[in-house]
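The values are calculated or read from the model by the stated rules, or taken from the named source; none is laboratory data. Owing to the predicted nature of the structure, the values given are computational and were not obtained by experimental measurement. Every residue, glycine as well, gets a Cβ built from its backbone with ideal geometry; the counts of neighbours run over all protein chains shown.
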Amino acid sequence: MASLAALADLPQLERRTLTDTAYAALSDLLASGRLAPGDRLSLRQSAAAFGVSVMPVREAVSRLVAEGVLEVAPARIIRVPIMGAGAFRALAETRIAVEGIATARAAERRTEAELDAIRRAEAAFRAAAESPEPDRIRAVQLNRDLHFAIYDACGLPPLTQIIGRLWLKAGPVINLDLRACPERLHQGIALKRHAEACAAIAARDGLAASAAIAADIREAADFILARGTLRAEPEED
């Protein structure tokens with residue numbers, strides 16, 4: 001029979017679960033590009049949207065602030081940080097290295113079911129990008145879904161978690177760029193790299209798959225940096 005001390009811990013466990021749920025929901029908003037740099041976050045509105053009290057949302061936000069994904073601005077305003085050019089360049093180079101490893105392993109280890117999931121995700125993004133008037137925020141989300149369909153096939157959950165934390169910072173910047181420059185979707189550069197990655201994964205060619213994803217990340221980063229909308233700063237986070 002459980003002790004009274006153990007039973008007394010159950011409310012805390014429930015609160016931690018709600019905090020984890022709020023953390024996951026906020027993380028998804030960031031990684032999928034539904035929030036952009038400078039966007040403000042209301043604890044009360046977020047709690048109402050998630051169907052929880054303010055406390056677990058406040059705890060989740062505190063975790064994200066500690067990780068540098070959110071920040072507390074003057075007047076205690078919670079917002080998505082505005083990233084500078086140096087920090088974004090460093091983030092892109094880190095993503096190329098880490099996501100390249102995951103992609104190479106995915107190509108070598110993927111199952112047929114995982115390949116089917118990757119192909120479906122690639123087709124969904126392609127359909128969104130080729131639409132005459134694409135939903136840009138949804139396109140960012142579908143791009144994320146494709147990348148993580150690939151990374152989930154690498155067989156290393158800790159590596160996928162590391163990539164997930166990198167995307168918490170990358171997603172908002174990519175979203176902001178597409179809001180300001182929607183024609184990038186119609187250029188087809190990402191579609192080409194995605195197709196190359198899918199073909200290489202199907203052929204179990206880890207080197208080619210990694211190169212395609214690296215090119216996808218680098219070309220998107222170069223495009224964003226070339227627009228000059230990110231403030232100049234030393235290359236450190």
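Residue-by-condition table, conditions (1) within 17 Å of residue 121 (Cβ to Cβ); (2) within 14 Å of the chain's Cα centre (by Cα); (3) without any contact (Cβ under 8 Å) to a residue 12 or more places away in the chain:
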{"residue": "171", "(1), (2), (3)": "yes, yes, no"}
{"residue": "188", "(1), (2), (3)": "no, no, no"}
{"residue": "193", "(1), (2), (3)": "yes, no, no"}
{"residue": "207", "(1), (2), (3)": "no, no, no"}
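Scanning segment 54-64 for residues that are under 15 Å from residue 29 (Cβ atoms) and surrounded by fewer than 18 Cβ atoms within 10 Å (Cβ to Cβ) yields a total of 1.
Among the residues of segment 71-89, not a single one is at pLDDT 95 or above, surrounded by 15 or more Cβ atoms within 10 Å (Cβ to Cβ) and aliphatic (A, V, I, L, M). Of the residues making up segment 111-132, none is in contact with a Lys or Arg (Cβ under 9 Å, 6 or more places away or on another chain), free of Cβ contacts under 8 Å to residues at least 12 places away in the same chain and not hydroxyl-bearing (Ser, Thr, Tyr).
Take residue 51 and decide whether it is surrounded by fewer than 21 Cβ atoms within 10 Å (Cβ to Cβ) and at positive phi. In short, yes. Kindly indicate whether residue 184 is surrounded by 15 or more Cβ atoms within 10 Å (Cβ to Cβ), over 26 Å from residue 107 (Cα atoms) and of a type in the set (Lys, Arg). In short, yes. Residues considered: 137, 213. Of these, the only one that is β-branched (Val, Ile, Thr), under 17 Å from the mean Cα position of the chain (by Cα), modelled with pLDDT of 90 or more and not in a loop (DSSP other than H, G, I, E, B) is 213. Looking across segment 111-158, the residues that are out of contact with any helix residue (DSSP H, G or I) (no Cβ under 6 Å at 6 or more places or on another chain) and β-branched (Val, Ile, Thr) come down to 111, 137. In segment 119-172, the residue that is surrounded by the fewest Cβ atoms within 10 Å (Cβ to Cβ) out of those that are more than 20 Å from residue 220 (Cβ to Cβ) and among the charged types (D, E, K, R) is 133. Only residues that are under 20 Å from residue 130 (Cα atoms) and not in a helix (DSSP H, G or I) were counted across segment 162-210, and they come to 4.
Among the residues of segment 90-107, those identified as surrounded by 18 or more Cβ atoms within 10 Å (Cβ to Cβ) and closer than 18 Å to residue 229 by Cα are 91, 92. If I filter segment 91-103 for residues that are on the phi < 0 side of the Ramachandran plot, over 15 Å from the mean Cα position of the chain (by Cα) and free of Cβ contacts under 8 Å to residues at least 40 places away in the same chain, do I get at least one hit? The answer is yes; a qualifying residue exists.
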